[in-house]
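The values are calculated or read from the model by the stated rules, or taken from the named source; none is laboratory data. Computed from a predicted structure; not experimentally measured. So basically every Cβ, Gly included, is an ideal-geometry build from the backbone, and we count neighbours across all protein chains shown. Protein only, heavy atoms only, side chains kept; ligands, DNA and RNA dropped before computing areas. Shrake-Rupley method; radii C 1.70, N 1.55, O 1.52, S 1.80 Å.
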Amino acid sequence: MTTKLAQKTLLWAGASLTALTFAAAPSFAQDDSASSLETITVTTNRREESIQDVANSVTVQSGEDLAALTEGGADILTLAARIPSVYAESSNGRVAPRFYIRGLGNTDFDLAASQPVSIIMDDIVQENVILKSFPLFDIQQVEIARGPQGTLFGRNTTAGTIMFDSVRPSEETDGYMSLTVGSLDTFNLEGAVGGTIIDDVLMGRISVMTQNRGDWINNAFLGIPNAMGGHRENAGRAQLLYTPNESFDALFNVHARSLAGTAAIFRANILTPGDNGLNENFVRDEVYYDSAFNNPQNYDSWGASANMNFHLDGGMTFTSITGYETAEGRSLGDIDGGNMVTGPGFIPFPSETQDGLDDLDQFTQEFRLASSDDLDTTWQIGAYYFDGAFDITTLGPNGGFPPPTTVRHENELWAVFGQVSHQATERLQLSGGLRYTSDEKSLEVIQAVWPAGGPYNVSDEELSWDLSAYYDYSEDTAFFGRIARGFRGPSIQGRDVAFFGTPSIADSETSISYEAGIKSEPWGGRARVNATAFYYTVSDLQLSAVGGGGNLVQLINADEGVGYGFEVDSEFLINDNLVVTAGFSWNETELQDDTLEVGVCAQCTVTDPDVDNDGFAEVDGNPFPQAPDFILSFSARYSVPAETPGGEWFMMTDWFYQGHTNLFLYESEEFYSSGNFEGGARIGFSGLTSNGHGYEVAAFVRNITDEENLVGGIDFNNNTGFVNEPRTWGISFRTDIN
């Protein structure tokens, strides 16, 4: 099947599936034997609520669904394009993911990069990009809230939040063990067990995982077979839930990970000038590096948290959440993607760089006082403190270029906030929130071969707020509207110090977002269809001008950025055997700054104007980088009961299709993607053992059509690109512990 034919087939299938689903609605609505969809609980407002009762655009993916996507060894990037308006990519392998919501994100690959999408794991903000890549295992659910979330979750949430909740300890003895073996020498093992330690007082849960893939990419230039491409990742989590009485409970969490493997694989000149299609220089399992280091990557991290709740008179709850995170490691990359002898293509100079993170310490403390949930007027007030510091060292291999350079970043932040919700009428609820944030950052050059100056200091204080209305129109339909102001603090970028430049600084950005939507559960609760339209503006939009012929990483501010569009999230229980989900988002983004210029590529075909002929392109009117203009995703699960008690045969499939995505701030004929898609499938059997333990055996395929999708590029040396993961397949086995 050709790529174009596959794209057309996928679009036709998605459109047909959606049409058939809606067409089938009257018939399956009359099927009294069918159940209803399960209620989804979210904590977007720091309270447990049904997803249908929240005046915000929220999507939830269960831990079970997430496990099916990651069983072959996929990392957090597996969320990319599988949720409306959500995209992710990375040029740092299995660390430092970059997330985008409604087109808003940050393409900066530096380990100190600030991002407008906040990753929150078990109620702790993971600020540094390395912390954001903690492996996903034993997850209860992931909750994506789109649009600014600055009132309750602080700065750096101008785009939204992605919250991961681990499975908590419970009184019942439960757990699981999962084993996967597959292609590319894949071997993954994970498990968890938990239950009561002291009756009614202490419960615990331990979760562990190991993900392993063999090296499968040859270094053809040096003649080294299976030189890179693998990884060995181990992680664990221990939790204790302490409930001595009805007035107090505390959840303690300790977690750690260790990663050794290959960083991102850069491939020289896989884009032909004037064309964005992968050319004959691209060979999936070969590269042509002149370095025998072969892009190694090693990172270690650990952290701990304490989440304590004091239940007071009148139904009030006082919450204290304390968190500590630490990490260190380094990645080495052959940035030019080849060699100067055989290329492939023309490589004007060699480039190989190692970045390392050391002494990362992050401390967070949050206090909250919240009213009872069963009042007509509910409220919560709180305070938050963040203190973080780390060193970044950049150097060339074997003492070469760039010379060793170390910079130290420090960040201190505090905030106070409050939110009130009032049931104005039986059907109408009004809510409002306000947060004041003080944010200070500094950068000090610890080691450099030239006097780079400093220290550099930035600070700002801002108000974030939101107002929303939720109208319960009928038993199964509600409407909502929301206006929110977000804030991302000022940023300092020190990477250019290693290349004889000075640090760059970006001022704070602020955003105003408007959204209106509908939430519905038609057909007797057997369907869930939520849709939102939105419009936002970002003043002093923070951007990273990455690469260009000068190989600089400069923070800049655009006067304004604008985004608008809509998203649809849906799930249909066709009958008790068939469940279908479908998601779609359309996002238009535009840079608005008639003076903004950026450096351009060394060998590509730039389509933006250069009016003053200074080698810099004017990018006014361009889309945001790495912002797909639309995303289509769908999945289906069909099951057939087996004669074995409690058993069933099942088949599952999931697909996404991604629209036009520009890779850089400037536009060119080469550095964009359009029509990327991927699909996966599972088929298997689940049942009960004779002693009542659940089990599942399944065969799976990821990237089932073995698509070769361009997901990123490097433009300062040659037309370097990097691509998605290859097709993988395997067999998995899971058994429950109870």
Exercise. How high is the FRET efficiency from residue 300 to residue 64, r the C-beta distance, R0 30 Å, rounded to 0.05?
Worked result: 0.55
Exercise. Equivalent-ellipsoid semi-axes (√(5λ), Cα gyration tensor) for the range 331-470, whole Å, largest first?
Worked result: 49, 21, 13
Problem set entry | Normalised alpha carbon radius of gyration of the chain [divisor 2.2 N^0.38 Å] | 0.94
Exercise. Using +1 on the beta carbon of Lys and Arg, -1 on that of Asp and Glu, and nothing else charged, what's the dipole of the chain about the Cα centre, debye to 20?
Worked result: 1160 debye
Exercise. Taking Rh as the Kirkwood radius, which is the inverse of the mean 1/r over Cα pairs, what is the Rg/Rh value for the range 489-530?
Worked result: 1.54
Seminar exercise, completed: For the range 196-321, whose charge dipole is built from +1 on Lys and Arg Cβ atoms and -1 on Asp and Glu Cβ atoms, the candidate among 261, 236, 309 with its Cα farthest towards the positive end is 261
Seminar exercise, completed: With the dipole of the chain defined by +1 on each Lys or Arg Cβ and -1 on each Asp or Glu Cβ, the option from 130, 191, 438 whose Cα lies farthest towards the positive pole is 191
Exercise. Using the alpha-carbon centroid of each, what span in Å lies between the range 165-201 and the range 202-251?
Worked result: 12 Å
Exercise. Please report, for the Cα atoms of the range 203-324, the Rg to one decimal and the Dmax as a whole number; what are they, in angstrom?
Worked result: 24.1, 73
Exercise. About its Cα centre, how strong a charge dipole does the range 499-548 have in debye, to the nearest 20, once Lys and Arg get +1 and Asp and Glu get -1 at the Cβ?
Worked result: 400 debye
For this session: Enumerate the amide H contacts of residue 676 below 5 Å, restricted to partners 5 or more residues apart or on another chain; note that Pro and chain-start residues carry no placed amide H.
Result: 658
Exercise. Suppose every K and R has +1 on its Cβ and every D and E has -1 on its Cβ; what is the size of the dipole of the range 594-718 about the Cα centre, in Debye to the nearest 20?
Worked result: 1220 debye
Exercise. What net charge is computed for the residues neighbouring residue 334, neighbours being all others with C-beta under 14 Å from the C-beta of residue 334, Lys and Arg scored +1, Asp and Glu -1?
Worked result: -4
Problem set entry | Probe 1.4 Å, all protein chains present, accessible-area order of 427, 435, 47, largest first | 427, 47, 435
Exercise. How much length is gained on full extension from residue 446 to residue 35, taking 0.36 nm per residue of separation minus their Cα-Cα distance?
Worked result: 141.7 nm
Problem set entry | Efficiency of FRET between residue 346 and residue 689 - r from beta-carbon atoms, R0 60 angstrom, step 0.05 | 0.45
Exercise. Ignoring ligands and nucleic acids, what accessible area does residue 536 show with a 1.4 Å probe (Å², nearest 10)?
Worked result: 10 Å²
Exercise. Local charge sum around residue 397 (other residues, Cβ-Cβ under 14 Å, Lys/Arg +1, Asp/Glu -1)?
Worked result: -4
Exercise. Carbon and sulfur atoms: what percent of the 1.4 Å accessible area of the chain do they account for?
Worked result: 56 percent
For this session: Would you mind calculating the gained length between residue 189 and residue 379 on full extension (0.36 nm times residue separation, minus the Cα-Cα distance), in nm to one decimal?
Result: 64.0 nm
For this session: Note down the net charge around residue 678, summing +1 for each Lys or Arg and -1 for each Asp or Glu among other residues with Cβ under 14 Å from its Cβ.
Result: -3
Problem set entry | Hypothetical label at residue 198: residues of the range 172-190 whose amide nitrogen lies under 19 Å (7 Å Cα-Cβ projection) | 172-173
Problem set entry | For the chain: accessible area per residue (Å², 1.4 Å) | 38 Å²
Seminar exercise, completed: Long-range alpha-carbon pairs in the range 606-706, meaning those over 23 Å apart, account in percent for 54 percent
Problem set entry | P(r) histogram, all alpha-carbon pairs of the range 250-292 included - 5 Å bins from 0, percent | 5, 14, 18, 14, 11, 8, 7, 6, 5, 6, 5, 1
Exercise. For the modelled label position 7 Å from the Cα of residue 562 along Cα-to-Cβ, which residues of the range 619-639 have backbone nitrogen atoms closer than 13 Å?
Worked result: 621-623
Problem set entry | Peptides 301-310, 124-133 ordered by average Cβ neighbours within 10 Å, highest first | 124-133, 301-310
For this session: Take the alpha carbon atoms of the range 578-597, find their center, do the same for the range 414-480, and report the distance between the two centers in whole angstrom.
Result: 22 Å
Exercise. Once the mean 1/r over all distinct Cα pairs of the range 511-615 is inverted, what Kirkwood radius in angstroms do you read off?
Worked result: 17.5 Å
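Using per-residue counts of other Cβ atoms within 10 Å, averaged over each peptide, order 601-612, 676-687 from highest down.
676-687, 601-612
Do any GluC sites (Glu not before Pro) in the range 151-198 lie in a DSSP loop with no more than 13 other beta carbon atoms within 10 Å, and if so, which?
When the GluC sites (Glu not before Pro) of the range 151-198 are filtered for loop state and at most 13 Cβ neighbours within 10 Å, 171, 172 remain.
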